[in-house]
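Only one structure is covered here, and it is reproduced in the block below.
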Amino acid sequence: MTLYREEFDIREMDFAHAGEASIRIKTVLKEVGAESGLVHRAAICAYEAEMNEVMYGRRGRMTLELSEDLLQIIVEDDGPGIEDVDLAMTEGYSTATEEMREMGFGAGMGLPNIKRNADRLTVHSGPARGTRLEIVFDTGWRTTEP
Ligand SMILES: Nc1ncnc2c1ncn2[C@@H]1O[C@H](COP(=O)(O)OP(=O)(O)O)[C@@H](O)[C@H]1O
Ligand SMILES: [Mg+2]
């Protein structure tokens with residue numbers, strides 16, 4: 001059962017608003033009293049996924065979903081897709097443009113960082129299919145502490 005759900009639209013190359021969805025996700029998780037380590041890990045994943053939408057996804061949507069004992073962040077777009085997901089998951093691999101690199105992006109650590117910080121990551125992607133990331137935390141976002 002879904003207890004909380006919030007959706008965010010992310011627009012391509014909209015660097016002015018980039019990062020806002022992940023800040024909102026962090027705020028919600030703090031408000032519901034999620035454990036601080038979890039808030040931190042989820043915020044890293046959300047930020048990296050959001051930046052990938054801005055840079056590569058054309059038009060993306062990020063959804064935060066809290067259910068009984070799962071925290072899920074679903075990120076989907078109908079952009080160009082990832083040809084070789086294993087390669088894209090490799091540390092240092094990036095197709096960022098010169099312009100993006102000048103802004104400090106393109107280290108090729110985003111997907112590896114999501115993988116490291118999430119409990120589970122599923123990537124569905126392919127040319128002309130767009131991309132869908134399912135970022136799952138199953139350690140439980142609900143704590144007994146106030
Ligand atoms: N939503 C997406 N759509 C298409 N390609 C993507 C998407 N997300 C990631 N990629 C591809 O995977 C590569 C690696 O992503 P990432 O590890 O976040 O590194 P970086 O963002 O620094 O390029 C990107 O350079 C890009 O080629
Ligand atoms: Mg990235």
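The values are calculated or read from the model by the stated rules, or taken from the named source; none is laboratory data. Owing to the predicted nature of the structure, the values given are computational and were not obtained by experimental measurement. FYI the Cβ positions are ideal-geometry reconstructions off the backbone, even for glycines, and counts take in every protein chain you see. These accessible areas exclude ligands, DNA and RNA; they are computed on the full protein's heavy atoms, side chains included. Shrake-Rupley method; radii C 1.70, N 1.55, O 1.52, S 1.80 Å.
Annotations
- Per atom type, the chain shows carbon and sulfur on 47% of its accessible surface, probed at 1.4 Å.
- A dipole drawn for segment 2-137 from +1 and -1 charges on Cβ atoms has a positive end, and of Ser36, Tyr56, Thr122 the residue lying farthest that way is Ser36.
- Here the simple spin-label model places points 7 Å from the Cα toward Cβ, and for Arg132 and Asp14 these points are separated by 2.2 nm.
- Annotation: per residue accessible area for segment 18-146 equals 51 Å², rounded to a whole number [probe 1.4 Å, protein chains only].
- Kirkwood hydrodynamic radius (C-alpha pairs) into Stokes-Einstein, the chain, 20 °C and 1.002 mPa s, D in µm²/s: 139
- Going by accessible surface with a 1.4 Å probe and the largest first, His124, His40 read His40, His124.
- Taking every C-alpha pair closer than 8 Å and separated by at least 6 residues, the mean separation divided by the residue count of segment 1-73 gives a relative contact order of 52 percent.
- Note: relative contact order over the chain, using C-alpha pairs below 8 Å and six or more positions apart, is 28 percent.
- About the centre of its Cα atoms, the chain shows a dipole size close to 160 debye [charges on the beta carbon of Lys, Arg (+1) and Asp, Glu (-1) only; nearest 20 debye].
- Label-point gap, in nm, between Thr95 and Val28 - each point 7 angstrom along Cα→Cβ: 2.9
- Sequence-distant contacts, meaning Cα pairs under 8 Å at least 6 residues apart, place the relative contact order of segment 68-138 at 49 percent.
- Rough spin-label spacing in nm, given labels placed 7 Å along Cα→Cβ, for Glu35 and Asp86: 3.4
- Nearest-0.05 FRET efficiency for Ser67 and Ala107, computed from C-beta distance (R0 41 Å): 0.80
- Rounded FRET efficiency, nearest 0.05, which uses the C-beta distance separating His124 from Leu3 and R0 of 30 Å: 0.75
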